[in-house]
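Notes follow once the structure below has been shown.
The values are calculated or read from the model by the stated rules, or taken from the named source; none is laboratory data. Because the structure is predicted, anything quoted here is derived from the model rather than measured. Ideal geometry is used to build each Cβ from the backbone, glycine not excepted, and the neighbour counts take in all protein chains shown.
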Amino acid sequence: MAETEELLVVTYRGIFQEVEEALGIYSDSYREESAVLFLDGSDALGRKIEAGRPILLETSSGKVVVAAKISEEPHPGIAFMPRSPWSASLLPAEVGEGGLLQLKRFRARASPAGEAVTTIEEIGERIRVF
């Protein structure tokens with residue numbers, strides 16, 4: 001898979017993430033459970049992405065840096081990401097033709113990042129700009 005090819009990102013809600021959210025969305029543990037992208041091994045290799053390293057995700061609606069995780073089960077072309085402020089940063093402002101399904105899956109470019117994982121405070125600042 002070429003580095004410029006987009007991945008289909010499917011969002012989900014996880015139980016560990018919910019536990020951490022209840023403890024506080026500004027905690028490191030909430031970020032560790034929420035600011036991640038699970039990639040297929042071949043997709044990661046083709047993009048020179050390593051497990052645990054920061055990756056830049058970009059859509060036409062925004063960009064965010066999250067941590068890479070490599071899935072044990074193959075799912076080429078498809079990545080999984082918890083529903084969170086990080087995934088919401090990549091969604092369009094308006095629900096389009098895809099309706100609610102568009103809020104559960106979207107296409108994004110993924111590449112190694114030369115910066116740290118985006119903090120929730122940074123995401124909050126971006127929202128306040130509008």
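Here residue 118 meets each of (1) at pLDDT 95 or above; (2) within 17 Å of residue 9 (Cα to Cα); (3) under 12 Å from the mean Cα position of the chain (by Cα); (4) not acidic (Asp, Glu) with one exception, condition (2).
In this structure, does residue 127 turn out to be at pLDDT 90 or above, hydrophobic (A, V, I, L, M, F, W, C) and assigned to a helix (DSSP H, G or I)? No. Counting residues in segment 22-43 that are of a type in the set (Lys, Arg) and touching a helix residue (DSSP H, G or I) at 6+ places or on another chain (Cβ under 7 Å) gives one or more. For segment 45-56, filtering for residues that are among the hydrophobic types (A, V, I, L, M, F, W, C), closer than 17 Å to residue 76 by Cα and touching a Ser or Thr at 6+ places or on another chain (Cβ under 9 Å) leaves 1.
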